[in-house]
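Beneath this line is the structure, given in structure tokens, with notes to follow.
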Amino acid sequence: MLKKCFATAALFACAFAAASAAQTWTIDPVHSTAQFTARHFGIVPVVGTIPITSASVQLEPGSEIPIAVAAQLDASKVDTHNDDRDGDLKSPHYFDVANTPAISFVSTKVEGSDPKRFTITGNLTMHGQTHPIVLSAQVVAAGKTPRGRSVIAYSATATVDRTQWGMTYGPLIVGNSVDLTINAEADAP
């Protein structure tokens, strides 16, 4: 009888653990953007994008706030709508895509219980260096597509100092502070 009780308790514990297991939602790169804004001569904002090649968020069942986030971007496809500027950004002056084309972000902590205002702390790796950043994030909306697929839209922002990642070239040409904006669509598993 005691064995039966332990077996039943173990079965319920496994069922509970499975029900509360985090789900991995995949970011749709076609409906997601990573954008940066830097100031030319410290005055004029110049906006560019870097494609998100893959990303995911982990969610606890019933929650829209991630418990973990990971993303990969491809700096070799940076686009500021100017071929000369894009070529310079790809050069060793900035992203050095011949040697370090990948940019990655891996969260280390997510804080907050309000879907309209939470933070994601993590490590941003680019230009061969890794440093922590804090993203201010929010759930923009959640629902189902016309085909019945569950989606959640996220937005996140941060300001970074590009010189932390060894991008020190042209301080009079390009401001050191760079604003980051990520808009992402997460698709249910």
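Throughout, read-outs are computed from the coordinates displayed, never taken from laboratory work. Note that the structure is predicted; figures quoted are calculated from it, not measured. All Cβ positions, even for glycine, are placed from backbone atoms using ideal geometry, and neighbour counts span all protein chains on display.
Can you give the charge dipole size of the chain about its Cα centre, rounded to the nearest 20 debye, using +1 on the beta carbon of Lys and Arg and -1 on the beta carbon of Asp and Glu?
With Lys and Arg at +1 and Asp and Glu at -1, about 740 debye.
Would you please state which residues of the range 167-185 a label at ASN99 would reach in this model, taking the label point 7 Å out along Cα→Cβ and a backbone N cut-off of under 15 Å?
From the range 167-185, the list is 167-169.
Between LEU135, LEU172, LEU89, where does the largest GNM mean-square fluctuation fall for the chain, given springs only between Cα atoms within less than 10 Å?
LEU172
Among [x] 24; [y] 35; [z] 27, which is the computed percent of Cα pairs over 28 Å apart?
Only one listed value fits the structure, namely [y].
Taking 22 Å as R0, compute the FRET efficiency from the Cβ-Cβ separation of GLU111 and ALA22 and round it to 0.05.
Working from the Cβ atoms, E equals 0.85.
Taking the Cα-to-Cβ direction at GLN35 and at GLU60 and moving 7 Å from each Cα, how far apart do the two end points lie in nm?
3.3
For every helix of n ≥ 4 consecutive DSSP H residues, a contribution of -39,500 (n - 2.57) applies; sum these over the chain, divide by its total residues, and give [θ] at 222 nm rounded to the nearest 500 deg cm²/dmol.
My calculation for the chain gives -4500 deg cm²/dmol from helical runs alone.
Taking the simple approach of a point 7 Å from Cα along Cα-to-Cβ for both VAL151 and THR49, what is their distance in nm?
Distance between the two pseudo-spin positions: 1.5 nm.
At what distance in angstrom do the alpha carbon centres of the range 93-152 and the range 51-91 lie from each other?
7
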